[in-house]
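The values are calculated or read from the model by the stated rules, or taken from the named source; none is laboratory data. Just so it is clear, the structure is predicted and the values come from calculations on it, not from any experiment. So basically every Cβ, Gly included, is an ideal-geometry build from the backbone, and we count neighbours across all protein chains shown.
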Amino acid sequence: MSVERKEAQLKKQIEYIHQSAESKRDEIISSANQESEKEKNNIIEKEKAKIDLEFNKKLKEAETKKKISHSQELSAARLQLLKAEDIHIQSLMTEVRNKLIKSTQESNYPEILMKLIQEGINKLQDNNVTIRCVERDIKLVEKTVKQINKEHPKMKIDIDTMFYLEESVIGGVTVASLGDRIICNNTLEHRMNQALAIALPLIRKTVFPSLKTQIPIQ
């Protein structure tokens, strides 16, 4: 083989080696770039997931705080309404009580006492009863009992002068039978409380309707 031919063949081999090396280099670079891009995307996705997680966490915290704040505002408003309701009811009870106190000083009070005593006796359905009253009403009660005894001579009505009702009681009587085992409370104050207990739901409904229609927490 001539020298020229050997040189040409050697040149071709060198070129092939260079091409193979460049091809391998390009392959390595491409693979490295792909791995780098993949790693970069993984890092981006992870960071994005962290950001989304943190955002959702803060969003939920904000929503929770908003609900708590809204609930507290509603509770405060409801408490104010309840206080206003209580003041109104207490004022109403004071007004009614004052009117009842005034009624015990009027001319028809003996008639009221008569009805309260008769009603108590009728409720107990007993011919042997004990009447108790406030000490200031004792003479009126004695007079009333005498009148009832005239109409019902077989009935035994005792007036307890040992234990009077408390002076704070507005008026009226209690009627007891069977040794105080059964007692009918027919004091004016007790009747007032009964009437108010019946009227309160209507008062709340008409004067404070917002207490029945609270805005639900969103």
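The strands (runs of 3 or more DSSP E) found entirely in segment 101-218 that carry 3 or more residues being over 44 Å from the mean Cα position of the chain (by Cα) and at pLDDT 90 or above are 128-132, 156-159.
Condition (residue is farther than 30 Å from LEU202 by Cβ and in a helix (DSSP H, G or I)) applied to segment 74-83: is it met by at least one residue? Looking for residues that are farther than 30 Å from LEU202 by Cβ and in a helix (DSSP H, G or I), one finds none in segment 74-83, hence no. Against the condition among the charged types (D, E, K, R) and surrounded by fewer than 10 Cβ atoms within 10 Å (Cβ to Cβ), how does GLU15 come out, does it pass? Here the answer is no, as GLU15 does not meet what is asked. Exactly one residue out of ILE87, ILE101 is aliphatic (A, V, I, L, M) and free of Cβ contacts under 8 Å to residues at least 24 places away in the same chain: that is ILE87. Screening GLN118, GLN147, GLN125 for residues that are polar (S, T, N, Q) and at positive phi leaves exactly one candidate, GLN125.
Considered as a group, the residues in segment 168-199 that are within 19 Å of LYS102 (Cα to Cα) and of a type in the set (A, V, I, L, M, F, W, C) include one that is surrounded by the most Cβ atoms within 10 Å (Cβ to Cβ), and that residue is VAL173.
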